[in-house]
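The values are calculated or read from the model by the stated rules, or taken from the named source; none is laboratory data. Given the structure is predicted, the values throughout are model-derived calculations rather than measurements. No Cβ is skipped: glycine too gets one built from the backbone with ideal geometry, and neighbour counts run over all protein chains shown. For the accessible areas, the whole protein counts, side chains as well, though only heavy atoms, and no ligand, DNA or RNA atoms are used. Shrake-Rupley method; radii C 1.70, N 1.55, O 1.52, S 1.80 Å.
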Amino acid sequence: MAFPITRMRRLRKNEALRRMVRETSLSVDDFIYPLFVVYGENKKIPVTSMPGVYQLSCDMLESEIQETVDLGIPAVLLFGIPENKDAVASSAYDDNGVVQQAVRLIKDRWPELLVITDVCLCEYTDHGHCGVVTGTGTIDNDATLELLAQEALSHAKAGADIVAPSDMMDGRIGYIREALDASGFADTAVMAYAAKYASGFYGPFREAAESAPQFGDRKTYQMDPANSREALREIELDIAEGADIIMVKPALAYLDVIARVRERFNHPLAAYNVSGEYAMVKAAAANGWLDEERIMMEVLTAIKRAGADIIITYFAREAARLLG
Ligand SMILES: [Zn+2]
């Protein structure tokens, strides 16, 4: 039944028809809003490469969280910028650390808001790597696991609903799961940054989280952008180790990976619409080169269409306002 019997344009004739046959729809339920919590008081420091994003001290979180809740966004993802950094990321697993304080504050005031915490060492180490650095400058996988488990446990104790390890060390999901279960946190879920690529799209984030590596790069632990079969292996392992939610990061340049993962696995799938993806849209829009709202919604819809159930995005609030 080819042309002229079949005319694809019939169903594009007006908005009502297009709505009726639309295959993908975004919802505020899809979003996780990331926040950067910094030590100190009365701080709201703009991240220059990410317009609209701030480093916030705990006392300044309140209005941001209230606005997020009012918009119906179901979850926030917290990153911490501590006062002190050292070689073994001590502030990461300090029960009075910035993230732990923020979690307690949020869960106390907004118990219904899901609080997810980033579990990694790079924001807390003076060398900026995600693991323990050995004398020869390599990252010690197994020594890192113990610290990550302490960090996850500390977040769980503070009241985090979900811990999200982003370090890409081998075996950390199983190690963290075991540590949580052994301490009575069997109900704390794990969202694994399962397929996280060594990407240039993280540039602005490193300004926001003050986590740029001081030497070398992260290519010995994060994935090679050229690989997608390897992503399936990574995800298979994290599921076997007990991940409740799996993630592909970044999102936009990895839509094929998201689609492959969706095909293969049945776990809830998150995608991280990372800082560089956000900054590109903001910068182009600021120059008048792109229609920001339109591009934002197109990008988020594309990530969902590729197969993501959950989108971690700095656009969460702006998109929620449009969807409202
Ligand atoms: Zn890290």
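Paramagnetic label reach from Met280 (point 7 Å along Cα→Cβ; backbone nitrogen cut-off under 17 Å): within segment 207-240, residues 225-227. The relative contact order of segment 80-144, computed from alpha carbon pairs under 8 Å that lie at least 6 residues apart in sequence, is 35 percent. Of Phe215, Phe31, Phe201, the residue with the greatest mean-square motion in the GNM of the chain, using alpha carbon springs below 10 Å, is Phe215. One chain, two ends: Phe3 and Asp291. Fully extended at 0.36 nm per residue, the span grows by 100.2 nm beyond their Cα-Cα distance. For Leu232, the solvent-accessible surface with a 1.4 Å probe is about 10 Å², rounded to the nearest 10.
Size descriptors for segment 138-210 (Cα atoms only): Rg and Dmax, in that order, 13.2, 39 Å.
Distance from the Cα centroid of segment 186-247 to that of segment 117-143 is 14 Å (rounded to whole angstrom). Residues His155, His267, ordered by accessible area of protein heavy atoms at a 1.4 angstrom probe radius and largest first, appear as His267, His155.
The ellipsoid equivalent to the alpha-carbon distribution of segment 209-324 has semi-axes of 26, 19, 12 angstrom, derived from the gyration tensor eigenvalues as √(5λ) and listed largest first.
Which longest run of the chain has no exposed loop site in it, a site being trypsin sites (Lys or Arg not before Pro) in a DSSP loop with at most 15 other beta carbons within 10 Å, and the site itself not part of the run? Could the numbers behind the result be given before it?
Values: sites that count: Arg7, Lys13, Arg22, Lys219.
Longest stretch, sites excluded: 23-218.
Extending 7 Å from the Cα toward the beta-carbon at both Asp142 and Arg22 defines two label points whose distance is 5.3 nm. Between Lys43 and Arg10, what FRET efficiency follows from the Cβ-Cβ distance if R0 is 51 Å, with the result rounded to 0.05? Calculated value: 0.35.
With a 1.4 Å probe and every protein chain left in place, work out the accessible area per residue of segment 11-112 in Å², rounded to a whole number.
Numbers: 5150 Å² over 102 residues.
Value for segment 11-112: 51 Å² per residue.
Can you send over the carbon and sulfur percentage of the accessible area for the chain, probe radius 1.4 Å, protein chains only? Provide the component values of the computation, followed by the final result.
Numbers: 7360 of 14610 Å².
Accessible surface attributable to carbon and sulfur in the chain totals 50 percent.
For a modelled paramagnetic label at Glu112, 7 Å from Cα along Cα-to-Cβ, the residues of segment 22-48 in reach, with backbone nitrogen under 15 Å, are 29.
Contact order normalised by length for segment 207-298, with contacts defined as Cα pairs under 8 Å and 6 or more residues apart; what percent is it? Could you put the intermediate results ahead of the total?
On the way: 56 pairs, mean separation 18.7, N = 92.
Once normalised by length, the contact order is 20 percent.
Cross-link check: pairs Lys107/Lys219; Lys44/Lys282; Lys43/Lys107; Lys196/Lys304; Lys85/Lys157; Lys85/Lys304 evaluated at a Cα-Cα cut-off of 27 Å; pairs beyond the cut-off: Lys107/Lys219; Lys85/Lys304.
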